[in-house]
Each structure stands twice: as structure tokens, then as C-alpha cells.
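The values are calculated or read from the model by the stated rules, or taken from the named source; none is laboratory data. A quick note: this is a predicted structure, and the numbers were derived from the prediction, not measured. Cβ coordinates were reconstructed from backbone atoms using ideal geometry, including for glycine residues, and neighbour counts include every protein chain displayed.
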Amino acid sequence: MTTVLIRDEETTGGLAPREWALELLTERITVRELIRSRVYQEVKDHNARDAGTFVGLVRPVGAQEGPSGWRVARGRKIDWNEQFEKALEAFRSNRVLVLVDDRQVTSLDTDLVVTPATRVTFLRLLPLVGG
């Protein structure tokens, strides 16, 4: 098992960057598996807390934009598989970029070797209002 540092950023700077540790079962992983592990963990954490705000990579269906994440109805469980598919689509359409040690990865099948010193940044690209 290894732990990797995850950093979330947005292009608009609306939310402060968020850093957290993600535990992985192995040091060798593809970008697709990294996204799957990340989404699974954030949905599992949210569902266990039964919080009204979801902080994650992509917006859950039916959620509303909030000041520190997406507002979801209390008691509503989020489906991690649905979130995973949305995250893959966001990656494929370049709405989410993945940087590993400040190097952008462009394929879901890219093999990574991660260590506790590895930094992974998920950069959410948000469209500008009116443009």
C-alpha cells in the first residue's frame, strides 16, 4: 500500500486549492485506476458522513453549486460508478487535467509509479462567464 498527495485546483480560483492523501493498494497504477480510486474514496466518505455538501472531482446529478462544493439532498447516496463515468468523460473532454509531479498525463492508460513523494493535481477547467 502507498499514499499519494492529491491536490484539487480550479482555473477560476473560486475555491481554495484542497490537498488530501489518497491510499492506493499498489505503487503501479494507470491514470484510469487513479481516477477510480479517487472517486470511490470521495463518494464513500461523503455517503458515510451523510453531509449536504459533496466535495469531489465532478458534480453529482441533481446537485447545485455551493460555496464549498455541490449541495445534495441530505440522506441522498451518491453512486460512485456514475461519478466515475462522469470523471472519465471530464478527463476525455479536457474539462479535468491530471498532472503528476507537474507533468500532464493525456491518456487514461498511462502507467504511473507512485510513491509518497508523488504529487497528483486534478485541475478543473471552468468556462468563463460569457465566453
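I'd like to check something: does the range 113-128 contain any residue that is farther than 19 Å from E19 by Cα, out of contact with any helix residue (DSSP H, G or I) (no Cβ under 6 Å at 6 or more places or on another chain), buried (at least 16 other Cβ atoms within 10 Å of the Cβ) and of a type outside the set (A, V, I, L, M, F, W, C)? So far as the range 113-128 goes, no, none of its residues is farther than 19 Å from E19 by Cα, out of contact with any helix residue (DSSP H, G or I) (no Cβ under 6 Å at 6 or more places or on another chain), buried (at least 16 other Cβ atoms within 10 Å of the Cβ) and of a type outside the set (A, V, I, L, M, F, W, C).
The residues in the range 26-85 that are under 13 Å from the mean Cα position of the chain (by Cα), aliphatic (A, V, I, L, M) and surrounded by fewer than 19 Cβ atoms within 10 Å (Cβ to Cβ) can be counted, and the count is 1.
Within the range 44-62, residues that are in a loop (DSSP other than H, G, I, E, B) have Cβ atoms under 6 Å from residues that are small (G, A, S) in these pairs: V55/G69; L57/A87; V58/A87; V58/A90, counting only partners at least 6 apart in sequence or on another chain.
Scanning the range 96-110 for residues that are surrounded by 14 or more Cβ atoms within 10 Å (Cβ to Cβ) and not in a strand (DSSP E or B) turns up L108, T110. Under the condition of being basic (K, R) and modelled with pLDDT of 95 or more, the residues counted in the range 76-94 number 2.
Looking across K77, K86, one residue alone is among the charged types (D, E, K, R) and in a helix (DSSP H, G or I). It is K86. On the stretch given as the range 88-124, residues that are over 16 Å from V4 (Cβ atoms) and hydroxyl-bearing (S, T, Y) total 3.
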